[in-house]
Amino acid sequence: MDDGHGVAEGFRRHSSHWGHFSAKAEGGRLETRPYPGDPDPSPILGNFDNVLRHPARIARPAIRAGWLERGPGPDARRGQEPFVEVSWEQAFDLLGAELGRIRGDHGPGAVFGGSYGWASAGRFHHAQSQIHRFLNTALGGYVRSVNSYSSGAASVIIPHVLGDYGGLTMHNVTWDQVAEHSEVVLAFGGLALKNSAVAGGGISAHVERGAMARARARGCRFLLVGPLKPDMPAEAGAEWISLTPGTDTALMLALVHCLVTAGLHDRDFLARYCTGWEAFQAYVMGGSDGTAKTAEWAASITGVPAARIRALAQTLAGRRVLVTVAHSLQRAEHGEQPVWMAAVLAAVLGQYGLPGGGYGYAMGAIGYYGRRNNAVPSPTLAQGTNGVADFIPVARIADMLLHPGEAYRYNGETRLYPDIRLVYWAGGNPFHHHQDLNRLRRAFARVDTIVVHESAWTATARHADVVLPATLSLEREDIAYSANDPVMTVMEKLAEPFGEALDDYAIFAGLAARLGVEAAFTEGRNVREWLAHLYGRTRQGLETQGLPAPSFAEFWAMGEMAVPQKPDDGGFLAAFRADPAAHPLMTPSGLIEIVSETVAGFGEADCPGHPTWLPPKDAPRAEAPLILVANQPATRLHSQLDFGAHSQEAKRRGREVASMHPEDAAPRGIADGDIIRLFNARGACLASVRVTEDVRPGVVQLATGAWYDPEDWKEDQSLCVHGNPNVLTRDIGTSNLAQGCTGQLTTIEVARFDGNLPPIRAHAPPPLTREG
Ligand code: PGD
């Protein structure tokens, strides 16, 4: 028996960033079934099996003992001290008083509420919306963060070059177009299914594998440019062009050199749709800096043989080529360059705006790129007005906390870091997502108070002063909606909250009451009433279009609803191609800016006025001869539910698994299955090792997301025994232009670890005592 949509009796609907599903809770465990219409469900669903009652969960509000005894203030003992469990009443009283003190003594400009993070699916309980609404209502605002760890460089450079970052990623070439029209897909950084398996807000069908199989069956060639072979699924039958990480810009420049030399560049397209070609051509051919960007030049930088580069250029000319660039390429020093350069390479090939051709920046990086857009508005919680204008580029958090008042450059401006007293986080894990975690620990020691809402004892929670237990999405009801997915679904409550955990909404409502703003925060609605209220926006969109518009009660009873979508029309780039005068780009010239006078005018040496090969400062050298690729994990979303069954099954001897090439392993006496120590000047971690030819020689791959687990929490630079690569990565911006995250690449050395293996304690709570 099912309910007509394929949900079995006894199972209830829910959703996650990695897919809609249904589930049944029994004996503290969750049995999940993927959404029936999903052709390729994500195995990450398996992480839900064992998390409801896991020891990593936070049961009660907890206050760091030192903060309770000594009060707010800078403290290097964060992350080292035990916690005292208190009642919700005590927690609300203590935190309400502290927020009142900050509001009165320092104002909202002393509060960092950026609170970056993926949180959980669900439109109402969306943690960032809740925290921002609360801080705006209760304090009058907060210092926010802009951009993301995913696309920090791209989201700043693309508006200068192509105008519309949102349009480029969300409304452009689709997977259906690839399946039907592309002749060559040139994928810098690949199209890894582990990345497109996730989409913020929920996903009803994972279409990427099937689209690549259809395209290949039609004769489309997929070319993977990158250091890791698994970054393309077997279905694509991709040719692997293995290159040194961080050198893609040089390869692209050489491709342009080859095309121009052979007279194969699309002169008409460059003349009609672009600005700056002549000056850029002079750079490529060596006229402006004395270095011709030949195939031989690029071979010495990238490690790709010159003959292969020339052959590749011939493959591209005159075909329907889609150039894609994974987010990972721009999560590195000078990350703006490959994004900009790929836009130029696509212009040289002249396929912009044609079905299945042009530039699909970040296609495959997330499950909602390469899809059609919904034609109705999403249910969205209003966040109120932020009275603080100040912000930081998101990945500059440690700089901000360590250097209040100091100047930094961002997108042509000189800005000053604010003086932050209180950091408030809900729905993110900076001790997962930030770089150089030992530096982040020093930064977290600087403020008066750190507040974290979490469902589990992440390292971020362990570094907080006030830890408030939040429900998992599984323990509350909500609506799942993603702007590029055609199925909107109810998220039913699957289990009772763990311990005394509350929804973020209930926590903020309790605090709002202490601060005298409860009515403004809650507007008198309970959760169900809020869901009905938010749904009203989508319903109105349906009504406006004359489409059937079920009431909230009808929607809830149906369980899911198909959402109308816009046509697959190629978006702003197709319109621009059809008539560039009528549909100019949102750039100063209205054209594709191969040279940007704006960027040139900023005068940044690390981001000049056209795409440029800028060698990384952090290059392999004697003490750090290997390049670490710290990429997205396949067995969980970021660090979420690292204690979940699927994530745990993939570990070896409890550690995260790194991959390295036999040529690098053999001279170090390392064999498959050994434990290795990865280290550099910033820190060290242990991992298990897989020795494989799927990784380029000179490269070590270790995914992010294993919870930070220092051997001794009291030591500076303690060994992470579990395998968190962010103890090794560098905390520098991509450039003065975007200041994006550079966590993807860094240089390291590796050695076999022969000592006794320290225990993994990341998924156990810190020492806890009970008040009274
Ligand atoms: P998550 O693990 O998703 O990582 O960083 P992000 O902080 O988003 O953290 C979300 C946290 O929110 C989890 O701890 C989860 O328990 C909590 N949470 C979930 N739902 C709720 C809720 O409803 N309420 C509350 N209060 N909490 C909730 C991801 C970031 O990492 C990203 S997006 C990228 S792309 C970066 N990638 C890299 C990289 O490639 N390489 C390196 N070295 N570092 C990276 N860091 C970045």
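The values are calculated or read from the model by the stated rules, or taken from the named source; none is laboratory data. Here the structure is a predicted model, which is why all the values come from computation and not from measurement. Glycine gets a Cβ as well: all are built from the backbone with ideal geometry, and neighbour counts include every protein chain shown. Note: accessible area is taken over every heavy atom of the protein model, side chains too, but ligands, DNA and RNA are not part of it. Shrake-Rupley method; radii C 1.70, N 1.55, O 1.52, S 1.80 Å.
Restricting the search to the stretch 701-746, which residues are of a type in the set (V, I, T) and either within 18 Å of the chain's Cα centre (by Cα) or within 13 Å of the ligand (Cβ to nearest atom) (or both)?
T704, V727, T729, I732, T734, T742, T746
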(request) Could you please find all residues in the stretch 436-454 being open to solvent by 10 Å² or more (accessible area, probe 1.4 Å), within 14 Å of the ligand (Cβ to nearest atom) and out of contact with any strand residue (DSSP E or B) (no Cβ under 7 Å at 6 or more places or on another chain)? (result) D436, R439
(request) Starting from the stretch 630-645, keep only residues that are of a type in the set (F, W, Y), then list their pairs with residues that are more than 8 Å from the ligand (Cβ to nearest atom) and open to solvent by 10 Å² or more (accessible area, probe 1.4 Å) whose Cβ atoms are within a distance under 7 Å, requiring at least 6 positions of separation or different chains. (result) F643/H54; F643/H763
(request) Exactly one condition in (1) free of Cβ contacts under 8 Å to residues at least 60 places away in the same chain; (2) surrounded by fewer than 24 Cβ atoms within 10 Å (Cβ to Cβ) is not met by M232; state its number. (result) (2)
(request) Name the single residue, out of those in the stretch 719-733 being out of contact with any helix residue (DSSP H, G or I) (no Cβ under 8 Å at 6 or more places or on another chain) and either among the hydroxyl-bearing types (S, T, Y) or in a loop (DSSP other than H, G, I, E, B) (or both), that is most open to solvent (accessible area, probe 1.4 Å). (result) I732
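Each row is one residue, and each column tells you yes or no for (1) open to solvent by less than 20 Å² (accessible area, probe 1.4 Å); (2) touching a Gly at 6+ places or on another chain (Cβ under 9 Å); (3) away from the ligand (no atom under 16 Å from the Cβ); (4) not in a helix (DSSP H, G or I).
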| site | (1), (2), (3), (4) |
| --- | --- |
| R78 | yes, yes, yes, yes |
| D93 | no, no, yes, no |
| I102 | yes, no, yes, no |
| G109 | no, yes, yes, no |
| A119 | yes, yes, no, yes |
| R123 | no, yes, no, yes |
| G141 | yes, yes, yes, yes |
| S151 | yes, yes, no, yes |
(request) Mind listing whichever residues of the stretch 734-750 are in a strand (DSSP E or B) and open to solvent by 10 Å² or more (accessible area, probe 1.4 Å)? (result) L745, E749
(message) Take residues that are small (G, A, S) and tell me which of the helices (runs of 4 or more DSSP H) falling wholly in the stretch 240-326 contain 2 or more.
(response) 248-261, 277-285, 295-302, 306-316
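Which residue, of P74, P55, is in a loop (DSSP other than H, G, I, E, B), out of contact with any His (no Cβ under 8 Å at 6 or more places or on another chain), touching a residue at least 40 places away in the same chain (Cβ under 8 Å) and exposed (fewer than 14 other Cβ atoms within 10 Å of the Cβ)? Before you say what the answer is, go through the steps one by one.
Details: P55 fails: out of contact with any His (no Cβ under 8 Å at 6 or more places or on another chain).
Step by step, each of P74, P55 is checked, and only P74 is in a loop (DSSP other than H, G, I, E, B), out of contact with any His (no Cβ under 8 Å at 6 or more places or on another chain), touching a residue at least 40 places away in the same chain (Cβ under 8 Å) and exposed (fewer than 14 other Cβ atoms within 10 Å of the Cβ).
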(request) Residue by residue through the stretch 327-341, note down the ones that are open to solvent by less than 20 Å² (accessible area, probe 1.4 Å) and hydrophobic (A, V, I, L, M, F, W, C). (result) A332, V339, W340, M341
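Taking the stated definitions as given, is E98 free of Cβ contacts under 8 Å to residues at least 12 places away in the same chain and either over 29 Å from the mean Cα position of the chain (by Cα) or not in a helix (DSSP H, G or I) (or both)? Steps first, answer last, please.
On the way: free of Cβ contacts under 8 Å to residues at least 12 places away in the same chain: no; either over 29 Å from the mean Cα position of the chain (by Cα) or not in a helix (DSSP H, G or I) (or both): yes.
It is false that E98 is free of Cβ contacts under 8 Å to residues at least 12 places away in the same chain and either over 29 Å from the mean Cα position of the chain (by Cα) or not in a helix (DSSP H, G or I) (or both).
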(request) For G353, indicate whether it is within 16 Å of the ligand (Cβ to nearest atom), in contact (Cβ under 8 Å) with a residue 60 or more places away in the chain, at positive phi and not charged (D, E, K, R). (result) no
(message) Looking at the stretch 398-414, I want the residues that are in a helix (DSSP H, G or I) and have a partner that is open to solvent by less than 40 Å² (accessible area, probe 1.4 Å) and charged (D, E, K, R) with Cβ atoms under 8 Å, at least 6 apart or on another chain. Which pairs are those?
(response) A398/D436; A398/D731; D399/D731
(message) Within the stretch 125-139, take every residue that is over 15 Å from the mean Cα position of the chain (by Cα) and of a type in the set (S, T, N, Q) and give me the one that is nearest to the ligand (Cβ to nearest atom).
(response) Q130
(message) So, H160, is that one farther than 24 Å from L422 by Cα, assigned to a helix (DSSP H, G or I) and open to solvent by 10 Å² or more (accessible area, probe 1.4 Å) or not?
(response) yes
(message) Among (1) crowded, with 17+ Cβ neighbours inside 10 Å; (2) in contact (Cβ under 8 Å) with a residue 24 or more places away in the chain; (3) β-branched (V, I, T), there is one condition V527 misses while meeting the rest; what is its number?
(response) (1)
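Just wondering, is there one or more residues in the stretch 178-193 that are aromatic (F, W, Y) and under 20 Å from the mean Cα position of the chain (by Cα)?
Yes, the conditions are met somewhere in the stretch 178-193.
Whether any residue in the stretch 658-668 is among the hydrophobic types (A, V, I, L, M, F, W, C), in a strand (DSSP E or B) and either open to solvent by 20 Å² or more (accessible area, probe 1.4 Å) or within 16 Å of the ligand (Cβ to nearest atom) (or both) is what I want to check. Before you say what the answer is, go through the steps one by one.
To start, the set of residues in the stretch 658-668 that are among the hydrophobic types (A, V, I, L, M, F, W, C) comprises 658, 660, 665-666.
This time we only want the ones that are in a strand (DSSP E or B), so: 658, 660.
So of that shortlist, the ones also either open to solvent by 20 Å² or more (accessible area, probe 1.4 Å) or within 16 Å of the ligand (Cβ to nearest atom) (or both) come out as 658.
Yes, the stretch 658-668 contains a residue that is among the hydrophobic types (A, V, I, L, M, F, W, C), in a strand (DSSP E or B) and either open to solvent by 20 Å² or more (accessible area, probe 1.4 Å) or within 16 Å of the ligand (Cβ to nearest atom) (or both).
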(request) Check whether at least one residue in the stretch 748-761 is over 22 Å from A622 (Cβ atoms), within 16 Å of the ligand (Cβ to nearest atom) and of a type outside the set (F, W, Y), and report yes or no. (result) no
